[in-house]
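Just below is one structure, and these are the notes that go with it.
The values are calculated or read from the model by the stated rules, or taken from the named source; none is laboratory data. Everything numeric in this text was worked out from a predicted model, so none of it was measured. For neighbour counting, all protein chains shown are included, and Cβ atoms are generated from backbone atoms with ideal geometry for every residue, glycine included. Remember, those area values only see protein heavy atoms, side chains included, never the ligands or the DNA or RNA. Shrake-Rupley method; radii C 1.70, N 1.55, O 1.52, S 1.80 Å.
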Amino acid sequence: MEKIRTLILGGGPAGFTAAIYAARANISPVLYEGIQPGGQLTTTTVIENFPGFPGGVDANTLMDSMREQARSFGADVRQGTATAVDLGQRPFRVTIDGEKQLEADALIIATGAQARYLGLPSEEKFKGAGVSACATCDGFFYRKRTVAVVGGGDTACEEALYLASLAKKVYMIVRRDVFRASKIMQQKVLGTENIEVLWNCNTQEVLGDAMGVTGARLLRKDGTVFDIAIDGFFLAIGHTPASELFAPWIETDANGYILTEGKSACTNVPGVFAAGDVQDPRYRQAVTAAASGCKAAQDAEKFLLEQVNL
Ligand code: NDP
């Protein structure tokens, strides 16, 4: 059984920022990167809104730099995924890849969230070539072009409004005849001239060529099948936070997002902290994830000093 002072699960901006701060605070962080080293960010290409990179930065390069920075301060960055945990006793017990057993005095959960996709083969084919689950990340590439947003929730409305400020036209593909979004968001969408809502529609196929997305084939509830011409296809049908493993101990909201106390990264279990998208249904940005990783490391440091006296 390996004993660890600060265990960080997740290799996205939250996890690496936590590792940088924890290493500098001398609380000996060990970080396991999980299934998707670099995190969700690596599913996109160029990041233009991370401060400090006026020319934009390649997502993989950014994550490699964060990893290197964490290592340079002594963080132990490893490959592996937590497959079982016991947070009912201290030190916490964590199993990596079904075999390696760890004991941790403090645990930072930065396991992220996954955007939901429709599951169409054509959608998979054009991921990164016109199919995106983040308008804030990729919308800028669709200036004066035509795009579609799938979903009828607050995120879909927000993304459609954002895209409408850049694109020539935005279709919203909504599977029912009502939005799920709050009234105010609905009103904003319905009052925006270049947004057209396609009610009662499901996507059958994303259409495209060697250059990327060119359209979408939709099926209306009345049985009509029709195509729309688009350059970008944005999914906004929700996210799934990777919090299931911790659910027996850690409080979440109804959608599985870990609840943290006030402005801190503290969960309901003393010594367990949460950072990044696993606790953030709202902002979900690399920079907000990084900021919450910083908070988690500082909270962990305080906990270790006060509670574990290390
Ligand atoms: P929601 O779960 O609220 O909405 C998901 C939307 O996607 C629904 O319209 C749903 O349709 C649709 N959908 C789901 N699966 C499919 C599918 N397979 N095919 C087509 N459509 C599908 O998720 P959001 O990400 O929008 O919001 C998450 C939470 O964050 C909510 O609580 C929201 O209020 C909050 N939020 C708040 C914001 C704000 O206050 N400004 C901004 C962004 C998010 P259906 O309705 O038919 O189920």
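Inspect all residues belonging to the stretch 268-289 and state whether any of them is of a type in the set (K, R) and at pLDDT 95 or above. Within the stretch 268-289 (the criterion being of a type in the set (K, R) and at pLDDT 95 or above), the answer is no, since none of the residues qualifies. Among the residues of the stretch 85-114, write down those that are assigned to a loop (DSSP other than H, G, I, E, B) and open to solvent by less than 40 Å² (accessible area, probe 1.4 Å). Across the stretch 85-114, the qualifying residues are L87, A110, G112. Among the residues of the stretch 260-277, is any open to solvent by 10 Å² or more (accessible area, probe 1.4 Å), free of Cβ contacts under 8 Å to residues at least 40 places away in the same chain, over 14 Å from the mean Cα position of the chain (by Cα) and on the phi > 0 side of the Ramachandran plot? Yes.
Consider the stretch 155-173 and keep the residues that are in contact with a helix residue (DSSP H, G or I) (Cβ under 8 Å, 6 or more places away or on another chain) and among the aliphatic types (A, V, I, L, M). The one that is nearest to L219 (Cα to Cα) is M172. Of all residues in the stretch 143-159, those being open to solvent by 20 Å² or more (accessible area, probe 1.4 Å) and under 21 Å from the mean Cα position of the chain (by Cα) number 4. Filtered by the rule that a residue be open to solvent by 50 Å² or more (accessible area, probe 1.4 Å) and acidic (D, E), the stretch 1-55 gives E2, E48. Taken over the stretch 177-194, the criterion of being within 13 Å of the ligand (Cβ to nearest atom), surrounded by 14 or more Cβ atoms within 10 Å (Cβ to Cβ) and in a loop (DSSP other than H, G, I, E, B) is satisfied by F179, R180, A181. Got at least one residue in the stretch 114-129 being at pLDDT below 95 and near the ligand (Cβ under 10 Å from one of its atoms)? Within the stretch 114-129 (the criterion being at pLDDT below 95 and near the ligand (Cβ under 10 Å from one of its atoms)), the answer is yes, since at least one residue qualifies.
The number of residues in the stretch 195-241 being β-branched (V, I, T), open to solvent by 30 Å² or more (accessible area, probe 1.4 Å) and either in a strand (DSSP E or B) or touching a strand residue (DSSP E or B) at 6+ places or on another chain (Cβ under 8 Å) (or both) comes to 4.
In the set (1) away from the ligand (no atom under 16 Å from the Cβ); (2) under 19 Å from D138 (Cα atoms); (3) assigned by TED's automatic domain parsing to the domain that holds V149, the condition left unmet by F226 is number (2). Taking residues in the stretch 187-200 that are under 19 Å from L218 (Cβ atoms), and partners anywhere that are of a type in the set (D, E) and modelled with pLDDT of 95 or more, the pairs with Cβ atoms closer than 7 Å and at least 6 places apart or on different chains are W199/D177; N200/D177. Looking for something at pLDDT 95 or above, in contact with a Phe, Trp or Tyr (Cβ under 7 Å, 6 or more places away or on another chain) and not in a helix (DSSP H, G or I) - is there at least one such residue anywhere in the stretch 59-80? Yes, there is a match, as at least one residue in the stretch 59-80 is at pLDDT 95 or above, in contact with a Phe, Trp or Tyr (Cβ under 7 Å, 6 or more places away or on another chain) and not in a helix (DSSP H, G or I). With respect to I173, is the statement that it is within 27 Å of V225 (Cα to Cα) and either within 12 Å of the ligand (Cβ to nearest atom) or open to solvent by 60 Å² or more (accessible area, probe 1.4 Å) (or both) true? It is true that I173 is within 27 Å of V225 (Cα to Cα) and either within 12 Å of the ligand (Cβ to nearest atom) or open to solvent by 60 Å² or more (accessible area, probe 1.4 Å) (or both). Evaluation of A156 against the conditions (1) over 30 Å from S292 (Cα atoms); (2) near the ligand (Cβ under 10 Å from one of its atoms); (3) of a type in the set (A, V, I, L, M, F, W, C); (4) out of contact with any Cys (no Cβ under 9 Å at 6 or more places or on another chain) shows that the sole unmet condition is (1).
Just one of the numbered conditions (1) in contact with a Phe, Trp or Tyr (Cβ under 8 Å, 6 or more places away or on another chain); (2) away from the ligand (no atom under 15 Å from the Cβ) is not true of L235: (2). Residues of the stretch 290-310 that are hydrophobic (A, V, I, L, M, F, W, C) and either within 16 Å of the ligand (Cβ to nearest atom) or open to solvent by 40 Å² or more (accessible area, probe 1.4 Å) (or both): A291, L305, V308, L310.
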